[in-house]
Amino acid sequence: MAIDFQALKQFYRDKKVLVTGHTGFKGSWLSTWLDMMGAKVYGYALDPASGKDNFNLCGLESIIHDTRADIRNLPELEANIKDVQPDIVFHLAAQALVIDSYLDPVGTYQTNIMGTVNLLEACRRNEHKRSIVVITSDKCYENKEWLFPYRENDPMGGHDPYSSSKGAAELICAAYRNSFLNSGKGSGQNLATARAGNVIGGGDWAANRLIPDCVRSIEAEKSLFLRFPGATRPWQHVLEPLGGYLLLGMMNYESKLYAEGWNFGPGLSGTYTVKQVVEKFFEFFGKGSWEQEGNVEFHEARLLSLDISKSYNRLGWKPILNFDNTLQLTADWYSQYSNVTSVLELCRQQINWFTSHAG
């Protein structure tokens with residue numbers, strides 16, 4: 001059982017696809033992939049955080065329809081959706097970091113909760129047959145740090161502002177699905193949510209993320225300090241969940257039977273400690289070292305994994321890459337990006353390599 005990438009390409013060709021958060025790490029890869037499949041891609045997001053972000057390095061602003069705006073502004077967002085009338089919506093715009101949510105809880109809630117409300121309300125007010133896929137997080141679950149993986153029907157929760165905002169976004173989506181989009185007016189809009197694990201891959205430069213911190217330590221010729229080297233996470237390459245999002249977007253467009261929550265993780269075989277990820281990345285990169293950080297200011301969950309059996313059995317989705325593939329592909333991007341003629345072509349090559357290994 002594997003994704004039929006040719007069928008995906010046929011489906012998305014000439015479809016209008018709105019990607020909120022297209023200037024971000026996952027959004028830039030998703031936009032690149034959609035463009036490769038012939039979709040008409042419309043991005044809606046704030047400016048990239050830095051000039052080194054994958055969006056800027058790939059020059060995506062000249063390839064897709066690029067709108068810079070804030071999802072917290074409902075009138076502007078509604079006007080954009082009314083103008084574009086997208087067939088598929090992937091909502092990725094968010095404040096995506098746990099530590100930043102401690103530093104700015106109000107901004108995190110405004111973006112992750114009210115931004116989601118605004119997106120759903122703008123779609124509700126502009127009825128059009130469409131598939132809506134809201135991307136939340138594996139951290140949306142009430143994490144009891146137990147040994148077995150979380151299933152889609154487990155309770156929502158969250159210890160920190162970021163995690164709780166993602167749990168709240170899931171509840172909001174359920175309310176809009178039940179109250180509006182699956183009943184009466186707006187019934188042609190099927191709303192699904194997607195929960196992925198910790199994604200890694202080329203082009204991520206966010207602060208306080210593991211792989212970008214690894215690269216920065218290498219470039220600065222300093223040791224990397226780790227807060228919780230023994231913490232486990234469901235690590236996966238960014239293309240793994242994006243393939244799941246694309247598959248879900250297609251199937252959700254064709255039937256409301258898929259308008260539910262879905263996990264896209266690496267399975268138990270992809271759960272590794274922070275230490276294992278760092279050491280494997282340094283091995284493939286050819287350099288790097290780490291040390292234990294002495295003072296830890298914020299709480300951070302140390303054990304988390306996702307049950308992906310529902311996505312496997314009902315969507316026909318499964319992970320493609322193993323742990324070594326995931327870290328090798330990531331290390332290759334960061335070791336090559338500053339020397340290649342085209343970063344966009346580097347990303348396209350990695351997408352083609354990924355899809356060719358499905359099976």
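Values in this text are rule-based calculations from the coordinates and carry no lab data. This one's a predicted model, so the numbers in the text were calculated from it and none came from an experiment. No Cβ is skipped: glycine too gets one built from the backbone with ideal geometry, and neighbour counts run over all protein chains shown.
Only aspartates and glutamates eight or more places from LYS16 in sequence, or on another chain, were considered; those with a Cα closer than 13 Å are ASP35, ASP83, ASP87. Shape verdict for segment 1-109, please, from the Cα gyration tensor: rounded (a/c under 1.5), prolate (a/b greater than b/c) or oblate. Prolate shape, in that a/c is at least 1.5 and a/b is the bigger ratio.
Could you tell me which of rounded, prolate or oblate describes segment 206-359, using a ≥ b ≥ c as the square roots of the eigenvalues of the alpha-carbon gyration tensor, with rounded for a/c under 1.5 and, failing that, prolate when a/b is larger than b/c and oblate otherwise?
Taking the square roots of the gyration eigenvalues as a ≥ b ≥ c, segment 206-359 is oblate.
With contacts defined as alpha carbon pairs under 8 Å and 6 or more residues apart, what's the relative contact order of the chain in percent? Each step should come with its number before you reach the end.
Working: 717 pairs, mean separation 66.4, N = 359.
Relative contact order here is 19 percent.
Going by a ≥ b ≥ c, the root eigenvalues of the Cα gyration tensor, does segment 300-359 fall in the rounded group (a/c under 1.5), the prolate group (a/b larger than b/c) or the oblate group? Oblate is the answer for segment 300-359, as a/c is 1.5 or above yet b/c matches or exceeds a/b.
Using C-alpha pairs below 8 Å separated by at least 6 residues, the relative contact order for segment 57-182 is 27 percent.
All C-alpha pair distances within segment 74-215, sorted into 10 Å bins from zero, spread as 11, 37, 34, 15, 2, 0 percent across the bins. Cross-link reach is defined here as a Cα-Cα straight distance under 26 Å, omitting same-chain residues fewer than 8 places apart; for LYS310 the lysines meeting it are LYS9, LYS26, LYS129, LYS139, LYS144, LYS166, LYS256, LYS318.
Taking the beta-carbon count within 10 Å as an exposure proxy, list VAL106, VAL340, VAL19 from fewest neighbours to most.
On the way: VAL106 9, VAL340 13, VAL19 29.
Lowest to highest Cβ neighbour count: VAL106, VAL340, VAL19.
Pairwise Cα separations in the chain fall into 20 Å bins from 0 onward with the following percentages, short to long: 31, 62, 7, 0. Would you mind pulling out the separation of the Cα centroids of segment 1-58 and segment 101-141, in Å? Using only Cα atoms to place each centre, the spacing works out to 18 Å.
Could you order peptides 243-256, 266-279 by the average number of other Cβ atoms within 10 Å of their residues, highest first? Show your work: numbers first, answer last.
Numbers: 243-256: 21.8, 266-279: 18.9.
Output ranking for 243-256, 266-279: 243-256, 266-279.
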